[in-house]
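Written below as structure tokens is the structure these notes are about.
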Amino acid sequence: MEQKCVGMKAARVLQTGPLREEVDGFVEGLRAQGYAAASIQTKHLFVAQLSHWLGRRGLGLRALDEGRLRVFLRDRRRRYRAQRGAAATGVQLLRHLRTTGALPPVKVAVRHGKAAEVEAGYAQYLREERGLAGATLVNYLPLVHRFLVVRFGKGRVRLAQLRAGDVTRFVLRQAPAMGPGRAKLLVTALRSFLRFLHLRGETAANLTPAVPRVADWRLAALPKFIPVEDVQRLLWSCDRRTPTGRRDYAILLMLARLGLRAGEVVQMTLDDLDWDAGEVIVRGKGSRHARLPLPKDVGEALVAYIRSDRPRCASRRVFLCARAPRRGFSSSVAICTIVRRAIGRAGLRTPTKGAHLLRHSLATDLLRRGASLAEIGELLRHRSPDTTVLYAKVDVASLREIALPWPGGAS
């Protein structure tokens, strides 16, 4: 009854105002994204109030933008009861109006000059010639931009003037404020960028040897894992009586049984599941694809989720957000969050709380059960055997067999 009253109120208010011709398309878009009827009614009323507010001020549809929306939200707080999510609804509406062409696209400040040209060319090189993933570009480009700003400031960029000392000084000043992983990313991005500049002819010499190494010794740490009993407790923590619990259980099973990376779970589509062959296509790093067998329990969990719980929508992603808007996860952070929450529910104390914990745990368990490093590397799709060697350090029994006696230890 309350929902019906809200709808009638919105219809009355929408008789005037510049948004009356746009609201139907907005509402249909909300339905397609899986919003509940009550949420749609509330958003409908918000649009009606905004349309009325614009009409009273003699403003047309084209006058609506982020600034005008902020003014309306401020006025609305004085007149109407506070409503949770009003600002988010306004952002959704602006996005819809720009998508349909009712509003012009946002004018993005375009950077000009040599630095912007070089950064754009480098991004194109990484994407088209190196075939690197978008996440790599997100990591590399800000570091490259920082290097150019520190070296040249806001003045004219003269890449031909770059010297080895400029590169070394930048790393020595920036790296101490970073952790080992971030510092290694910095020097990797910088070497890649300097190699690109030399190939493009921007620098006469290849300056990559001037990039210092980061003191983070290979194989210095043990892989972080949990025993198989704790992995099982983590899986049991999912409430499989609920749609979200069944979805999370299927995700955790794929991480624990197949050793998938978080990003590989995010990118998986319905077309990647070959039910006849009992296989799944995994879209890994560097645009590489691999086919892995689907274990029986993983296949059953996927079928249970897809048949009963996966919302119907245009997205082909296997795993979708539990709440509207219905779409695939935006990044691997969502998968890590699912793992972290499962760890909390299971009451486990773990060395890390990300999705990679289950990948390391699978490799460690396989090694202890007699699998070879080559077999583990094939399952985890390591490009280099050296990556898999790290797991040999956790096989203490085998290490004891090859350990040399300590001088004087017998006495």
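Values quoted throughout were computed directly from the atomic coordinates according to the rules given, and no laboratory measurement underlies them. All figures in this text were calculated on a predicted structure; none of them were measured in a lab. Every residue, glycine among them, receives a Cβ derived from its backbone with ideal geometry; neighbour counts consider all protein chains shown.
Some points to look at:
- Ellipsoid fit via the Cα gyration tensor, the range 114-210: semi-axes of 18, 18, 13 Å, each the root of five times an eigenvalue, largest first.
- Least to most buried among SER384, SER332, SER361 (fewest other Cβ within 10 Å first): SER384, SER332, SER361
- When you restrict to C-alpha pairs under 8 Å that are six or more residues apart and normalise by the size of the chain, the relative contact order lands at 14 percent.
- This model, with +1 at the C-beta of Lys and Arg and -1 at the C-beta of Asp and Glu, gives the range 114-210 a dipole about its Cα centre of some 320 debye.
- Backbone amide hydrogens, once placed in the peptide plane, bring GLU279 within less than 5 Å of ASP274, LEU294, excluding anything fewer than 5 places away on its chain.
- Positive dipole terminus of the chain, leading residue within THR269, VAL118, PHE329 (C-beta point charges): VAL118
- Where Cα atoms sit under 24 Å apart: lysine pairs in the chain separated by 8 or more or lying on different chains: 13
- Our helix-only sum for the chain, with -39,500 (n - 2.57) per DSSP H run of n ≥ 4 divided by its residues, gives a mean residue ellipticity at 222 nm of -17000 deg cm²/dmol.
- With neighbour counts taken as other beta-carbon atoms within 10 Å, the residues VAL91, VAL265 rank, fewest first, as VAL91, VAL265.
- R0 of 25 Å, Cβ-Cβ distance ALA374-ARG283: FRET efficiency to nearest 0.05: 0.60
- Share of pairwise Cα separations in the range 158-279, more than 18 Å, in percent: 70 percent
- DSSP-loop trypsin sites (Lys or Arg not before Pro) across the range 311-343, with at most 16 other Cβ within 10 angstrom: ARG312, ARG316, ARG323, ARG327
- Dipole moment magnitude, nearest 20 debye, the chain about Cα centre, only Lys, Arg, Asp, Glu C-beta charged: 2060 debye
- Using θ = phi - 60° and Karplus 6.51 cos²θ - 1.76 cosθ + 1.60, couplings along the range 316-322 (whole Hz; Gly, Pro as x): 9, 4, 5, 9, 10, 4, 6
- The amide H of GLY17, built 1.01 Å from its N in the peptide plane, has no neighbour under 5 Å, considering only residues 5 or more places off or on other chains.
- Per-residue ³J(HN,Hα) for the range 189-204, Karplus 6.51 cos²θ - 1.76 cosθ + 1.60, θ = phi - 60°, Hz, x for Gly and Pro: 5, 5, 4, 4, 5, 5, 5, 4, 4, 5, 4, 7, x, 6, 10, 6
- When the chain is treated as a GNM with alpha-carbon contacts under 10 Å, the residue of VAL187, VAL339, VAL298 showing the greatest mean-square fluctuation is VAL187.
- For the chain, with +1 on Lys and Arg beta carbons and -1 on Asp and Glu, the positive-most of PRO243, LEU358, GLY85 along the dipole: GLY85
- For the chain, built as a Gaussian network whose Cα springs stay under 10 Å, the top-fluctuating residue of LEU357, LEU294, LEU185: LEU185
- Cα shape, the chain, gyration tensor, a/c 1.5 rule: oblate
- Rounded to the nearest 20 debye, the dipole magnitude of the range 228-398 is 800 debye, with +1 charges on Lys and Arg beta carbons, -1 on Asp and Glu beta carbons, and the Cα centre as origin.
- Applying the Karplus relation 6.51 cos²θ - 1.76 cosθ + 1.60 with θ = phi - 60° to the range 243-253 yields 3J(HN,Hα) values of x, 5, x, 5, 5, 5, 4, 5, 5, 5, 5 Hz, where x marks Gly and Pro.
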